Amino acid sequence: MCLCLGPTGSGKTLLLKKLQNRDAVDTMSSTVPTVGTNLITVRFGNQKETTIREVGGAMAPIWKSYYSGIQKIMYVVDASNLCQIAAAGVLLYTILAEPCLQKAKILLVLSKMDASYRQMRNEALLMLQLTRLKKEISQDIAVVEASAMTGEGIDNMLKWLQGDSIAPCKSKK
Ligand SMILES: Nc1nc2c(ncn2[C@@H]2O[C@H](COP(=O)(O)OP(=O)(O)OP(=O)(O)O)[C@@H](O)[C@H]2O)c(=O)[nH]1
Ligand SMILES: [Mg+2]
């Protein structure tokens, strides 16, 4: 089981829909904030599948009650909304400090890349203090740039879910 967390409106629900069925997502239809949780099953080509539980951003105060037995966390941050990023970083830090998640694998997803300019990736990582964070924590953090609108990053997210390491993306201008 993988948990999908991140501030409200960061794009979790739409990305998960796209992971589940990349060809049949109406990205024009609007989503509603997830109140509670949302379970989805992702099937891979090789008959394997995995379950992801999204816990809505509105539920952040009780994210903790879902940590037991979790090995993977996908943390979604809206890269087009730099104002929200510092707060997203604080929430990420509390997840990483959690004793029962010290062995978890973390995927940091910079979402809505279609609405961001490329340089925002670096600004977002800077505001999250990722380089500093990586030195202080025991978990493995991979970073993916993604967009539910264009489908960017979906392949890498599927690879990560299957346990493959993903090549660090080059900084694009
Ligand atoms: N431009 C753009 N907009 C997106 C993308 N993904 C989601 N959105 C928009 O962002 C808004 C919030 O998306 P959701 O997927 O519902 O966000 P969420 O993270 O599930 O939010 P909570 O369930 O409240 O925690 C919606 O209006 C989406 O249409 C994306 O890749 N690009
Ligand atoms: Mg949602």
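Within region 111-124, residues that are open to solvent by 60 Å² or more (accessible area, probe 1.4 Å) reach partners that are assigned to a helix (DSSP H, G or I) and modelled with pLDDT under 90 with beta carbons closer than 7 Å, at six or more positions or on different chains, in the pairs Glu123/Leu82. Residue pairs whose Cβ atoms lie under 7 Å apart, sitting 6 or more positions apart in sequence or on different chains, and linking a residue in region 49-65 that is within 23 Å of Trp160 (Cα to Cα) to a partner that is within 11 Å of ligand 2 (Cβ to nearest atom) and charged (D, E, K, R), are Glu54/Lys12.
With respect to Leu82, determine if the residue is touching a Phe, Trp or Tyr at 6+ places or on another chain (Cβ under 6 Å) and touching a residue at least 24 places away in the same chain (Cβ under 8 Å). No, not satisfied. Being within 12 Å of the chain's Cα centre (by Cα), within 12 Å of ligand 2 (Cβ to nearest atom) and outside any helix (DSSP H, G or I) is the requirement here; does Val109 meet it? So Val109 fails the test.
Taken residue by residue, region 38-52 has no member that is at pLDDT 95 or above and in a loop (DSSP other than H, G, I, E, B). Among the residues of region 18-35, the ones that are within 26 Å of Leu96 (Cα to Cα) and open to solvent by 20 Å² or more (accessible area, probe 1.4 Å) come to 3 in all.
Every listed requirement among (1) open to solvent by less than 70 Å² (accessible area, probe 1.4 Å); (2) modelled with pLDDT under 95; (3) part of a helix (DSSP H, G or I) is met by Trp63 save one, (2). Within region 130-138, is there a residue that is out of contact with any His (no Cβ under 9 Å at 6 or more places or on another chain), part of a helix (DSSP H, G or I) and in contact (Cβ under 8 Å) with a residue 60 or more places away in the chain? Among the residues of region 130-138, not one is out of contact with any His (no Cβ under 9 Å at 6 or more places or on another chain), part of a helix (DSSP H, G or I) and in contact (Cβ under 8 Å) with a residue 60 or more places away in the chain, which makes the answer no.
With respect to the conditions (1) touching a helix residue (DSSP H, G or I) at 6+ places or on another chain (Cβ under 8 Å); (2) assigned to a helix (DSSP H, G or I); (3) β-branched (Val, Ile, Thr); (4) within 16 Å of ligand 2 (Cβ to nearest atom), Val77 lacks only one, and its number is (2).
The values are calculated or read from the model by the stated rules, or taken from the named source; none is laboratory data. As the structure is a computational prediction, the values presented were derived from the model and not from experiment. Reconstructed Cβ throughout: ideal geometry from the backbone, glycine too, with neighbour counts over all protein chains shown. What goes into the accessible areas is simple: the full protein's heavy atoms, side chains included, and nothing from ligands, DNA or RNA. Shrake-Rupley method; radii C 1.70, N 1.55, O 1.52, S 1.80 Å.
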